[in-house]
Structures are given as C-alpha cells and as structure tokens.
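The structure under discussion appears below in the form of structure tokens.
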Amino acid sequence: MPPPGGTPPLHPPPDGGWGWVVVGAAFISIGFSYAFPKAVTVFFKEIQLIFNTTYSEIAWISSTMLAVMYAGGLGLAFNLQPALTIVGKYFYKKRPVANGLAMAGSPVFLSTLAPFNQFLFNTYGWKGSFMILGGLLLNCCVAGALMRPVEPKASTESKNKVGVRETDSSMEKRQKKLSVWEKINKYLDFSLFKHRGFLIYLSGNVIMFLGFFAPVIFLAPYAKDKGIDEYSAAFLLSVMAFVDMFARPSVGLIANSKLIRPRIQYFFSFAVMFTGICHLLCPLAEDYTSLVVYAVFFGLGFGSVSSVLFETLMDLVGAQRFSSAVGLVTVVECCPVLLGPPLAGKLVDETGQYKYMYLACGAIVVLASVWLLIGNAINYRLLAREKKKNIHTKESQETEPLKTSQSPNVNIKSGETETWKGTEVNPSERETNI
C-alpha cells in the first residue's frame with residue numbers, strides 16, 4: 001500500500017497570492033466545461049420535435065460532450081483538466097476551500113446559461129444560439145492565460161541548495177535514459193491501479209456516474225412533459241444551480257474543518273447517498289412547487305458531491321500524483337458518463353414515464369454510496385493496522401540490537417548528545433546506524 005496522499009508536500013505551495021487569481025480562472029473554465037452540456041438541454045424538446053428523435057437519441061448530445069470532456073479529448077477537455085490540476089499546485093492547507101470556490105463555477109454558469117439559452121432560442125433559433133454560445137466560450141482563452149506554473153521557493157541554506165542541485169542533475173541524467181513506457185508512465189502513473197484507496201474511489205465513481213448526470217439532463221424535459229411552460233422549466237435548472245452555487249464553497253469550508261478533513265472519504269460517501277435519495281423521492285413531485293423543492297435538494301446534494309469530488313482523490317494520492325490520477329479517472333469514467341444518459345432515455349422510451357428513470361438513477365447512486373462507504377471503512381481500518389504494524393516493526397528493529405549487544409557502551413560521533421550508560425550519544429544517529 002502506498003503512503004497516504006494527505007501528507008504535506010516536500011515543497012509547500014503558496015496557499016494564496018496569485019493562487020486566488022488562478023482559482024478565479026479555474027472558476028471560469030470549470031463553469032463553462034460543466035454547465036454547457038447541461039444548459040443545452042433547454043433545446044432538447046424542440047430539437048427532438050424538429051428531427052423526430054427518441055429520448056435516448058437526444059440524450060447522446062450531452063452524454064457525448066461530457067464523455068469526450070472526461071476522456072481528455074478536444075474542446076471542453078482543454079478547459080477542465082488544467083483547471084482541476086492547477087488549483088492543487090497552488091494550495092495545500094486551503095485546498096478544499098479553493099477547490100470548492102473553483103467548482104462553484106459550474107452552478108453559477110448553469111443558473112445563468114439555462115434561462116439565457118431559452119431567450120436565445122426564442123430570438124435566434126437553436127442554430128443561432130449555438131453560434132453565440134461558441135463566441136462566449138472563447139473567454140476561456142483569457143482564463144487559461146492566467147494559469148501560470150508555480151515557481152518553487154528557493155532555499156537560503158547552502159545544504160539545501162547543494163541538495164537541490166544534486167537532485168536536478170540526477171533527474172536530468174535519468175530523464176535522458178527514459179524508455180517510451182517510462183515517458184508514458186510519467187504523465188499517466190499506472191502504478192495507481194495498485195493503490196487500494198484509488199481503486200475504491202474509481203470503482204465507486206464508475207457506478208455513481210451511470211446515474212449522476214441523467215437527472216440533470218432530463219429535468220427541463222421532465223417539467224415540460226408535465227405541462228409546465230418553457231421558461232419555468234428552464235428556471236428549475238437555475239434554482240438547482242443557484243443552490244449548488246452556495247453549496248460548493250460552503251461544503252468546501254466544512255470539508256476543510258479539523259473534524260471532517262481526516263475522514264473526508266466518509267463525507268463524500270454520505271454526500272453521494274443524499275443525492276441518490278433525492279432522485280428516489282423525485283417521482284413524488286406532481287406539481288411545479290414540488291419540483292422546485294426537488295431542485296433545491298438536488299442542488300444541495302449535487303453541489304456537495306462536486307465540491308469534494310476531486311478533493312477526495314487528492315487526499316488519497318497526494319498532490320504529486322494528482323494530475324496522473326485525474327487523467328486515469330476521467331478516462332475510465334467517460335464510459336459511464338457516455339452510456340448513462342442514453343440508457344436513461346431508453347428507459348423513458350420504453351416506459352413512457354420519467355419517474356422510472358429517476359428511480360433507477362437514484363438506486364444506482366445510492367448503491368455507489370454504499371460501496372464507497374464500506375470500501376472506505378475497510379481502507380481506513382487497514383491503513384490504521386498497517387501504520388501500527390510499521391511502528392511496532394520499527395521499534396522492534398531499534399530495541400533488538402541493543403538487547404543483544406555485549407558492549408555496555410555505544411561510541412558514536414555526534415553534535416547533539418544524550419547519556420547512554422555513561423557515554424554521550426546522539427539518539428537519531430544511533431537509530432540510523434543500527
């Protein structure tokens with residue numbers, strides 16, 4: 001089992017300064033990346049009538065966009081992946097708060113784009129609307145220009161300078177000898193598939209994403225199917241996004257507390273469970289008021305999950321391996337993200353009702369939360385046992401040579417000393433030499 005990823009990095013990040021500008025840039029990039037595929041669902045009902053398509057066929061639009069984005073393809077993937085990674089480079093102590101603020105870009109943009117798209121559609125049609133939205137997306141170029149790399153702090157001690165120079169020279173020599181496989185592994189660390197916590201996280205997320213995005217994609221069409229007017233149906237997405245907008249930074253503050261952060265995996269599991277229960281209760285909503293109540297609780301659950309989604313991954317693998325972990329996770333997760341909404345749409349086609357789709361998605365998300373909860377409980381227990389075993393082994397290795405030694409004195413050269421049977425010795429050097 002690799003060492004826990006929650007330990008402080010060797011070179012602590014600035015935890016502020018230009019990092020807050022980077023958080024603002026990530027806010028814009030993540031906002032467009034996540035909100036755009038959901039906001040275009042406002043056009044689905046009309047596109048479905050124009051092209052005479054089924055619910056499962058129309059769902060491929062958003063699912064394909066999300067899957068390609070998760071797989072690290074073109075377009076929105078260039079927004080999402082750097083924005084997720086760069087925040088972890090600038091923050092450690094305040095990382096959950098910074099991630100929560102950056103991820104809040106999704107609901108802020110969704111709450112704005114949903115009614116704005118309805119206005120664009122009524123004014124310019126769906127083709128003209130997409131041209132205008134494409135122009136808006138170009139603002140992400142400005143956000144990307146603000147994400148400059150972190151410069152490591154130079155040490156003032158000569159010993160540290162020598163150590164850094166030796167490390168740099170050895171790294172340069174090693175990089176020249178890298179094979180093709182090692183070059184690939186440098187960017188995608190496949191050894192993570194031997195990491196127990198990473199596998200629990202990945203398997204739980206694969207289950208969760210099968211039913212995670214479909215309820216958002218079909219929320220506006222579901223409302224229209226119940227006879228609610230276009231703007232009111234689009235307003236449900238705004239309500240959900242508005243609650244989500246405040247939930248993400250708030251949950252980030254809670255996750256950063258001393259009580260929650262050491263057990264943030266449990267917190268993530270319960271947030272997923274809460275979201276699944278909201279979907280299971282959605283079929284009880286029969287009028288617009290009850291749908292607004294569902295949108296409020298859905299926004300709270302969705303925001304809670306999204307706020308700590310990548311923070312939990314960084315807690316498991318550490319900041320150094322986070323970029324590789326994000327790449328591997330998003331590539332694997334693109335399959336359930338791609339298949340989830342079309343399968344949900346197929347269920348609507350077969351049954352003719354949305355409630356069975358929401359029940360199925362809720363059951364899948366609750367199942368994922370139970371899987372994560374049990375897996376994390378086992379992982380925490382095994383980690384505690386391994387830590388205790390390592391401490392016991394280290395203590396036995398330190399005391400056994402001292403017990404078997406025939407000499408009453410131990411002579412060691414040292415700067416800082418302590419008394420050991422009449423002789424001054426350095427404890428740290430004694431332990432190291434033994």
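Assorted remarks:
- Members of segment 97-116 found to be in contact with a Ser or Thr (Cβ under 9 Å, 6 or more places away or on another chain) and of a type in the set (Val, Ile, Thr), listed by number: 112
- Residue check, residue 389 at pLDDT below 80 and part of a helix (DSSP H, G or I): no
- Test: residue in segment 274-281 that is farther than 16 Å from residue 111 by Cβ, open to solvent by 40 Å² or more (accessible area, probe 1.4 Å) and at pLDDT below 85: no
- Looking across segment 95-115, the residues that are closer than 17 Å to residue 33 by Cα and out of contact with any Leu (no Cβ under 9 Å at 6 or more places or on another chain) come down to 101, 104, 105, 106, 107, 108, 109, 112.
- Evaluating residue 245 against the criteria (1) at pLDDT 85 or above; (2) in a helix (DSSP H, G or I); (3) not hydroxyl-bearing (Ser, Thr, Tyr) leaves one unmet condition, (1).
- The set of residues from segment 250-273 being open to solvent by 30 Å² or more (accessible area, probe 1.4 Å) and farther than 24 Å from residue 370 by Cβ comprises 250, 253, 256, 257, 258.
- Residue match in segment 272-286 (condition: part of a loop (DSSP other than H, G, I, E, B) and on the phi < 0 side of the Ramachandran plot): yes
- Members of segment 342-376 found to be in contact (Cβ under 8 Å) with a residue 60 or more places away in the chain and among the small types (Gly, Ala, Ser), listed by number: 344, 345, 360, 362, 363, 368, 369, 375
- Exactly one residue out of 311, 286, 333 is closer than 19 Å to residue 38 by Cβ and either modelled with pLDDT under 95 or among the hydrophobic types (A, V, I, L, M, F, W, C) (or both), and it is 333.
- Inside segment 17-29, residues that are modelled with pLDDT under 90 and open to solvent by less than 10 Å² (accessible area, probe 1.4 Å) make up a count of 1.
- For segment 76-121, a residue qualifies if it is over 28 Å from residue 44 (Cα atoms) and not in a helix (DSSP H, G or I), and the qualifying residues are 91, 92, 93, 94.
- Among all residues of segment 291-309, there is none that is within 30 Å of residue 200 (Cβ to Cβ), buried (at least 21 other Cβ atoms within 10 Å of the Cβ) and either acidic (Asp, Glu) or touching a strand residue (DSSP E or B) at 6+ places or on another chain (Cβ under 9 Å) (or both).
- The single residue among 216, 206 that is open to solvent by less than 10 Å² (accessible area, probe 1.4 Å), assigned to a helix (DSSP H, G or I) and under 27 Å from residue 310 (Cβ atoms) turns out to be 216.
The values are calculated or read from the model by the stated rules, or taken from the named source; none is laboratory data. From a predicted model like this one, the values you see are computed outputs, not experimental measurements. Counting neighbours? That spans all protein chains shown, and the Cβs are built from the backbone with ideal geometry, glycine included. Just the protein is used for accessible areas: all its heavy atoms, side chains included, with ligands, DNA and RNA removed. Shrake-Rupley method; radii C 1.70, N 1.55, O 1.52, S 1.80 Å.
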